[in-house]
1. Which of Thr86, Asn70, Leu4 sits closest to the plus end of the dipole of the chain, meaning its Cα is farthest towards the positive end, when Lys and Arg get +1 and Asp and Glu get -1 on the C-beta?
2. Using Cβ contacts closer than 10 Å as the measure, can you line up Asp81, Asp99 from fewest to most?
3. So which GluC sites (Glu not before Pro) in the range 23-85 are both in a DSSP loop and have at most 11 other Cβ atoms within 10 Å of their Cβ?
4. Roughly what angle does helix 55-72 make with the longest principal axis of the chain, taking Cα atoms, 0 to 90 degrees, to the nearest 10?
5. So which lysines pass the test for Lys55, namely a Cα distance under 19 Å, with those fewer than 8 places away in the same chain ruled out?
6. Report the calculated FRET efficiency for Glu5 and Lys57 (r = Cβ-Cβ distance, R0 = 25 Å), to the nearest 0.05.
7. About the Cα centre, and with charges only on the beta carbon of Lys, Arg (+1) and Asp, Glu (-1), how big is the dipole of the range 2-101? Nearest 20 debye, please.
8. Any chance you could list the semi-axes, whole Å, largest first, of the equivalent ellipsoid that the Cα gyration tensor gives for the range 2-101, using √(5λ)?
Amino acid sequence: MPLLEEKGYRILERNWRSGQNELDIIATNKQFLVIVEVKTRRSSKWGEPEMAVNKAKRAGIMRATQNYLNKTGNELEVRYDIVSVTIGPGEPQIEHIPDAFYPTLR
């Protein structure tokens, strides 16, 4: 994703699957392993795209992240970002949200 690469991210994986869960983008940025969830909507009529990253979606992302870490042995600190894309009339609106959510036990 050019937006992230322009910000210095190094893309390691795209659409990495672990069972039913998928990590859209796995990248590194400085000392972090960054898991990026990309959400796209045709409009914000029903809310901004990032609002679709609900508790259940976050739980699936975190399970897949743990599986990725177990498989690769990567020991970087993990951070979760969201890229929100709204496609409507005119140019798409793209917003990168670093530290969009944090892992929780519940």
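1. Value computed over the given set: Asn70.
2. Details: Asp81 21, Asp99 11.
Exposure proxy ranking, most exposed first: Asp99, Asp81.
3. Here the GluC sites (Glu not before Pro) that fit, given the DSSP loop and packing criteria, are Glu75.
4. So the helix axis and the longest Cα principal axis differ by about 40 degrees.
5. Lys39
6. 0.50
7. Working: 15 positive and 14 negative charges, 77 e Å.
Roughly 360 debye for the range 2-101.
8. Ellipsoid half-lengths, sorted descending, are 24, 16, 11 Å.
Laboratory data are not the source of any read-out in this text; all were calculated from the coordinates shown. Because the structure is predicted, anything quoted here is derived from the model rather than measured. Neighbour counts run over all protein chains shown; Cβ positions are idealised from the backbone, glycine included.
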